[in-house]
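These notes are about the structure you will find just below.
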């Protein structure tokens, strides 16, 4: 799906995760082999992906369906926006609305067809609709096993939502029970995709359902790892409790305000799930145009950022760059010094 491309350029481990300002998603976690029917085509000359089998026609053509965006491998979409779908394979929700401070939703992939339906139990997506556009929220990394849902079977995910503070754990995704505490009120969609057994993956069907969460907006706050915040004029320098190792070296990530009306928009639910943005964006205040994160990092390039990236958040545009620290010259000479939270 359209979401699969996100994080391909993001380093893992201690690098942090500054995702591109995009609605698409993520990379594979682990080194599992590509399941049959899902990898790069190795067709013989004259061979096609067409199958003689008649598969149930689900939903509507992707170009005509509602809901979040999908990529070119998705041929059809079963979307529960207003009316509940009656297709033999569908995604249903119970309930379809909830309220903070705590809410729980159940999303069930139902197979009432006479064929097995292939899907990845970890490859679901959570989106939020803001100002008429869909923004991808979670998860950031997904394992890639292939499972089958037999005729008459149902696969159910539960999503438990709270309003707690941002933590080091983005979202618990490895299982049927999904938990997160950093969603604000608004309109959301839960989705997954798959294809019938022996059908080619480029003929995938996406299944999505809309649901609503009422409550206050989520507000990004400075990450708990921040131990020092120092201001010198319009520049703030951030330091954290990340320790140096033999595999790291001092690095600097710079986030600065720019004029960039074409930069892609990000929403609060995306920012609070990005460790590097949690350490920098909340430090912008009146008169601050530039925030520097000085932290040990082991990625190449530093923090996984090779080229400048721009994004737009809360009406402001920002540019992100990163480099290795210049030894002996990266200490802040502050006129104002604060500890985190002080």
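The values are calculated or read from the model by the stated rules, or taken from the named source; none is laboratory data. Note that the structure is predicted; figures quoted are calculated from it, not measured. Heads up, the Cβs are rebuilt from the backbone with ideal geometry, glycines too, and the neighbour counts pull from every protein chain shown.
For (1) under 22 Å from the mean Cα position of the chain (by Cα); (2) assigned to a loop (DSSP other than H, G, I, E, B); (3) outside the structural domain of residue 310 (by TED's automatic domain parsing), each residue gets a yes or a no:
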| position | (1), (2), (3) |
| --- | --- |
| 245 | no, yes, no |
| 253 | yes, no, no |
| 256 | no, no, no |
| 263 | yes, yes, no |
| 269 | yes, no, no |
| 282 | yes, no, no |
| 286 | no, yes, no |
| 292 | no, no, no |
| 295 | no, no, no |
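With respect to residue 76, is the statement that it is touching a residue at least 24 places away in the same chain (Cβ under 8 Å), in contact with a strand residue (DSSP E or B) (Cβ under 7 Å, 6 or more places away or on another chain), more than 23 Å from residue 178 (Cα to Cα) and in a loop (DSSP other than H, G, I, E, B) true? Considered against the rule, which asks whether it is touching a residue at least 24 places away in the same chain (Cβ under 8 Å), in contact with a strand residue (DSSP E or B) (Cβ under 7 Å, 6 or more places away or on another chain), more than 23 Å from residue 178 (Cα to Cα) and in a loop (DSSP other than H, G, I, E, B), residue 76 comes out as no. If you go through the range 79-96 and keep only what is touching a residue at least 12 places away in the same chain (Cβ under 8 Å) and over 26 Å from residue 185 (Cβ atoms), you end up with 87, 88, 89, 90. Looking at this structure, is residue 145 surrounded by 15 or more Cβ atoms within 10 Å (Cβ to Cβ) and out of contact with any strand residue (DSSP E or B) (no Cβ under 7 Å at 6 or more places or on another chain)? For residue 145, the condition - surrounded by 15 or more Cβ atoms within 10 Å (Cβ to Cβ) and out of contact with any strand residue (DSSP E or B) (no Cβ under 7 Å at 6 or more places or on another chain) - is not met. Put simply, of 108, 99 the only residue that is touching a residue at least 40 places away in the same chain (Cβ under 8 Å) and closer than 11 Å to residue 209 by Cβ is 108.
Could you tell me whether any residue of the range 190-211 is at pLDDT 95 or above, surrounded by 19 or more Cβ atoms within 10 Å (Cβ to Cβ), over 26 Å from the mean Cα position of the chain (by Cα) and not assigned by TED's automatic domain parsing to the domain that holds residue 155? The answer is no, given that none of the residues of the range 190-211 is at pLDDT 95 or above, surrounded by 19 or more Cβ atoms within 10 Å (Cβ to Cβ), over 26 Å from the mean Cα position of the chain (by Cα) and not assigned by TED's automatic domain parsing to the domain that holds residue 155.
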